[in-house]
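As structure tokens, the structure follows; a few thoughts come after it.
The values are calculated or read from the model by the stated rules, or taken from the named source; none is laboratory data. Computed from a prediction, not measured in an experiment: that's the story for all the values here. Note: ideal-geometry Cβ built from the backbone for every residue, glycine included; neighbour counts use all protein chains shown. SASA here: full protein model, heavy atoms, side chains in, ligands and nucleic acids out. Shrake-Rupley method; radii C 1.70, N 1.55, O 1.52, S 1.80 Å.
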Amino acid sequence: MEGESYRSYRDVLDEAGRRLLASFGVDAPSPLPASLPAWRPFAEVPAALAELRRRGRKIAILSNVDRDLIASSIPQLGLEPDLVVTAQDCGSYKPAPGHWRVFRERSGADVGGTIHVGASQLHDMRPAAALGWRTVFVDRHGEPLETAPTRVIGDLAPLPDVIDALE
């Protein structure tokens, strides 16, 4: 659905939930859009982000959700990111290059001084690498690599040291 013409992530979640329920013979509204604000980050994420900030790193979020949905999730992180780019901001979904274009426009950051961290080879690693970004793949599930990330980590706990090593 994200590969089709742009529509709000709330609509994408609603349609995905309806299709999933229908595959089980259930005709009911999707619970997914209302559930997103309750989604919690992985346990190590707030501490890793806090340590990155303590070390003077800027933090941006490039997300395939709507602005109102990410706004409800950010408090769970324990800090306010320096920049947030959503699918709503760029009118497309990753892996399309819109997020990285808007990120560059709004941040002024260059490719050489930025490291893209993500947990999807399709949505993050492949497009970021194709655009020349260094990448850190968060491989929580031991996936076979289909891409060639700059680094691979199992969770975000080692991220501050990995970022330092890449600088």
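Within the listed set L145, L49, L69, the residue fluctuating most in the Gaussian network model of the chain (springs between alpha-carbon atoms under 10 angstrom) is L145. Measuring nothing but alpha carbons in segment 55-153 and taking Rh as the Kirkwood radius, the Rg to Rh ratio lands at 0.94. Put a plus charge on the Cβ of each Lys and Arg, a minus charge on the Cβ of each Asp and Glu, and nothing anywhere else: the dipole of the chain about its Cα centre is then about 260 debye. Each 5 Å bin from 0 upward holds the following percent of the Cα-Cα pairs of segment 91-142: 5, 21, 31, 25, 13, 4, 1. Legend: P(r) of the chain from all alpha carbon pair distances, 5 Å bins from 0, whole percents, reading 1, 8, 15, 19, 22, 18, 9, 5, 2, 1, 0. Near L62, the amide H atoms lying under 5 Å from its own belong to V85; only residues 5 or more places off or on other chains count, and H is placed 1.01 Å from N. For V152, neighbours were defined as the other residues whose beta-carbon sits under 15 Å from its Cβ, and their charges (Lys and Arg +1, Asp and Glu -1) total -2. Among H123, H141, H99, the largest mean-square fluctuation in a Gaussian network model of the chain (Cα springs under 10 Å) belongs to H141.
What a 1.4 Å probe finds exposed on segment 21-78 is 64% carbon and sulfur by accessible area, rounded to a whole percent. The rule of thumb for compact globular proteins, 2.2 N^0.38 Å, goes into the C-alpha radius of gyration of segment 21-112 1.30 times. Based on the Cα atoms of segment 41-85, what semi-axes does the equivalent ellipsoid have, where each is the square root of 5 times one gyration tensor eigenvalue, given in whole Å with the largest first? The equivalent ellipsoid of segment 41-85 has semi-axes of 18, 12, 8 Å. Mean-square fluctuations from a GNM of the chain, with a 10 angstrom spring cutoff on Cα atoms, peak among D110, D139, D66 at D110. Mind checking which of A48, P127, A148 is farthest towards the positive end of segment 1-154's charge dipole, using Cβ charges of +1 (Lys, Arg) and -1 (Asp, Glu) about the Cα centre? Toward the positive end, the furthest listed residue is A48. Its DSSP H runs of at least 4 residues, each contributing -39,500 (n - 2.57), put the calculated 222 nm mean residue ellipticity of the chain at -10000 deg cm²/dmol, to the nearest 500. Eigen-decomposition of the gyration tensor built on the alpha-carbon atoms of segment 23-63 gives equivalent ellipsoid semi-axes of 36, 11, 8 angstrom, largest listed first. Rolling a 1.4 angstrom probe over the protein heavy atoms with all chains in place gives the chain an accessible area of 53 Å² per residue.
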